[in-house]
1. Mind putting a number on the dipole of region B:222-280 about its Cα centre? Charges go on the C-beta only, +1 for Lys and Arg and -1 for Asp and Glu, and I need it in Debye to the nearest 20.
2. Just how much of A:Tyr4 is accessible, in Å², when a 1.4 Å probe is used and the result is rounded to the nearest 10?
3. How large is the helix-only mean residue ellipticity at 222 nm for chain B, computed as the sum of -39500 (n - 2.57) over DSSP H runs with n ≥ 4, divided by its residue count, in deg cm²/dmol to the nearest 500?
4. In units of 2.2 N^0.38 Å, what is the alpha-carbon radius of gyration of region B:222-280?
5. Once ligands and nucleic acids are excluded and a 1.4 Å probe is used, how much of A:Glu43 is accessible, expressed in Å² to the nearest 10?
6. Multiply the residue gap between A:Ala244 and A:Leu462 by 0.36 nm, knock off their C-alpha separation, and tell me the result in nm, one decimal place.
7. Peptide B:80-88: average number of partner chain Cβ atoms within 10 Å per residue?
8. Give me the angle, in degrees from 0 to 90, between the Cα long axis of helix B:133-145 and the longest principal axis of the Cα atoms of chain B, rounded to the nearest 10.
Amino acid sequence: MSAYAGTGRLIRLALRRDRVQIAVWIVASVALLAAGAAAVADEFPDEAERVTALKGAGTSPAVLLMRGAPVGTDLGALVNFRNYAFMLVLAALMSTFAIVRHTRQNEENGRAELLGAGRLGRRAGLTSALVVVAGADLLLGAALTGTLLGAGLPADGALAFGAATAATGLAFAGLAAVAAQLFQSARAANAFAATAVGVAFLVRGIGDALGERAADGIQVTGAWPSWLSPIGWGMRVRPFGEEAWWVLALPFALVAACVAVAFALAGRRDFGAGLIPDRPGPKAASRSLLSPLGLAWRLNRGTTLGWVIGGALLGLGIGTLGRTVNEAMSGNTGATELLDQIAGAGAAPLVDTFYAAMMNVFGVLAAGYVVQALLRLRTEEAGGPAEAVLATAVGRVRWVAAHLACAVIGATALLVLAGAGMGVADAAVGGVTGVDPLVGAGLAQLPAALTLAGFVVLVFGLLPRLTIPLAWAGLVASIVCGLLGEVFALPEAVRDLSPFSHVPPIPAAEAAAGPLVALAVTAAALAAAGLALFRRRNLAL
Amino acid sequence: MTDAIAVSGLVKSFGTSRALNGLNLTVGTGEVHGFLGPNGAGKTTTIRVLLGLLRADAGQVRLLGGDPWRDAVRLHKRLAYVPGDVSLWPNLTGGEAIDLFGDLRGGLDRTRRAELVERFQLDPSKRCRTYSKGNRQKVALVAAFASDVELFILDEPTSGLDPLMEAAFQQTVREVSARGATVLLSSHIFSEVEALCSAVSIIRDGVTVESGTLARLRHLTRTSVTVEAAEPITGLDALPGVHDLVADGTRARFDVDSARLPGVLRHLAGFEVQALTSHPPTLEELFMRHYGEAATAGAGR
Ligand SMILES: Nc1ncnc2c1ncn2[C@@H]1O[C@H](COP(=O)(O)OP(=O)(O)OP(=O)(O)O)[C@@H](O)[C@H]1O
Ligand SMILES: [Mg+2]
């Protein structure tokens, strides 16, 4: 029997499982890009306007960090500047999650074992996952190219945009394939791969922020750090600028190397095992584990510490940029306008507007953490130990409340430490913003993040079997409507649906209690409704 | 004293399919009650309703004198449950999981726990993700039996255990039964049910088709008889209650309705019987009769 026997069968199975998920991902990407391209054509029809906007942006490291390096002044170049990095991140996330879903997750819940018994080669699982994801990336790239051509943009740039997006997706598929071999749980593999996407985005951002400006005062070439990141490679293809096609060789080389490593690892380990062997643990439980809260904390501990430490480090990093931002941007109205677009602050000190915009990102991170932590409710219920736990003297409300408490504490710690990190680093490089206002700014994001927690509890109570996709969709929608609403030119009413649209841009603006209290009340109401529904429904085991 | 479990007319649907269709189940306090039925008959669904995990659509359900949906938490302190498919937390050790379940139920007996860990030959320091199916089941069994509760609800608790562990399981059930606890045991293993249970309920397609003590059920059904005489045996086919007769001159093999057995014996007395064996129907035969009827009825439809 060949090592690849049964690959075709697995591919068909994976396609059947994924048909909705991948289609939604691709359609959403296309819709966002179409909206983004239309918004650019609408807002900046004249070259002169584009030049003003881009000139400002080129001098602001913060904008370069979030958006990327401008590659020119025509329409396509501005579409690249505003939407490209985000598209690369979407492709990377789609690919990592799909690879883990079809490899480690299959193994973890025994599906692969069942299939493995029926004439499957050793390499069939990983091969089929890679084929399916490569197909999805190709489809995504082609769809994006088609979208840009449809918007009347030049063919070269459209092709480079699509090809580089697909190649970036593939590169992360390779990284995820390795992660899926190294980690024993799909959760850990997903967390690692998603963190890799985040780090790659930031490393690329630092490269672009430190980049060199060309003589025209507009084009920026990223500094060396962006060569370290697969997302940086995607940026360096420079669609709609002077396309550097050869850079596409890098992601392909990476994916080839990763696939070789993943197969070597797969051949070396036992089925279901990771490479890091298990050591014996305690024979009896410590007192701290013996309650619903103790259990919830134990289950969330690793994830929470990861997010909190990551948030604090990121806060420190951003704090060190504060002064540079202030110096670079004073007297530059274009940059201020762009920052205002993200943070929504009026005439405030530039550095504070910068911090407010960054705090919005932490709000999103906290929301992402909260969603991930609360989705454990569903994974515990669906074929997990919740059946046995809820057959003990633990009531349903108490069980959910324990997980909710962990999520609230984790999100609070994440935001406080991010703000403190920013404040401390800002003071260390001679800034004057101070720790307290930045911790306050962090806490101001908490009600918005908790609104998503309430949303997750609500869908968990209402539609248990759809909890996981709906929760992530809610997060993505609130990011798109809230933080990127302007970029995609969404109507005001749609933007207002996102909790992030209602957070005052502290420290650039005064803290306003009204919207924060309203968000907190909304969060509590959503959670209470979800709990009431959960108490009344059948367990969906 | 009230019954530990009293279910009547229980109906439960999932969407358009009816899993339970007027099911009755009565388990007396102190009884070890076997709960039998082919795959998909509704055993697990019934148990989940009894635990308040699913909500009954119609019918009466009483558990330890309370309503399992409304009084779930209060009732759960008095019972222990072993699910059919034991799922544990991959990162916790078996020992931690045992303590956790025990404590969430209201505490467990430490010496009993140690004794059971020994008896079931479980290594409690291993991470749950590394346990086999049988070992996961042992974790759930130790956690349940180390609790001092009145009622044990066990859903196919031994489907992954080896014969040695099966014996350990039977010993443990006898011990809790001896101290007065009630046990509801869903199982596909007839020898286990025959060895442990004083009463059984057999369900099919969500309805109870047979229920009572094993002795009574046996009486209601047929006994298999093999007889050998010095002269040819005649006239058996004319007797009421005789079925599946295979007569071969001086030898005969047949089944007889247990109630008709005395008449048949009187008839045989006239033939100078040399050897006679009879055995009551095994549980498997009881079960197969219902199951077989279902299969024939299904085929006839
Ligand atoms: N959540 C559910 N959704 C839809 N149908 C279900 C659900 N749970 C059970 N069923 C159906 O209800 C019926 C009874 O299932 P149940 O699990 O109670 O059977 P069982 O007697 O425990 O079978 P087994 O011996 O295989 O464990 C089956 O037809 C099953 O398909
Ligand atoms: Mg069952």
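The values are calculated or read from the model by the stated rules, or taken from the named source; none is laboratory data. It should be emphasised that the depicted structure is a prediction, and the values quoted were computed from it without experimental measurement. Every residue, glycine among them, receives a Cβ derived from its backbone with ideal geometry; neighbour counts consider all protein chains shown. Quick note on the areas: whole protein, heavy atoms, side chains included, nothing else; ligands and nucleic acids left out. Shrake-Rupley method; radii C 1.70, N 1.55, O 1.52, S 1.80 Å.
1. Values: 5 positive and 8 negative charges, 35 e Å.
Charge dipole of region B:222-280: 160 debye, to the nearest 20.
2. Accessible area, nearest 10 Å²: 100 Å².
3. Working: 10 runs with 104 residues, N = 301.
Taken over chain B, the calculation gives -10500 deg cm²/dmol.
4. Values: Rg = 10.0 Å, N = 59, 2.2 N^0.38 = 10.4 Å.
Cα Rg divided by the expected 2.2 N^0.38 Å: 0.97.
5. 70 Å²
6. Working: separation 218, 0.36 × 218 = 78.48 nm, distance 5.00 nm.
Length gained between A:Ala244 and A:Leu462: 73.5 nm.
7. On the way: counts 3, 5, 2, 5, 1, 3, 3, 9, 3.
Mean partner-chain Cβ count within 10 Å for B:80-88: 4.
8. 80 degrees
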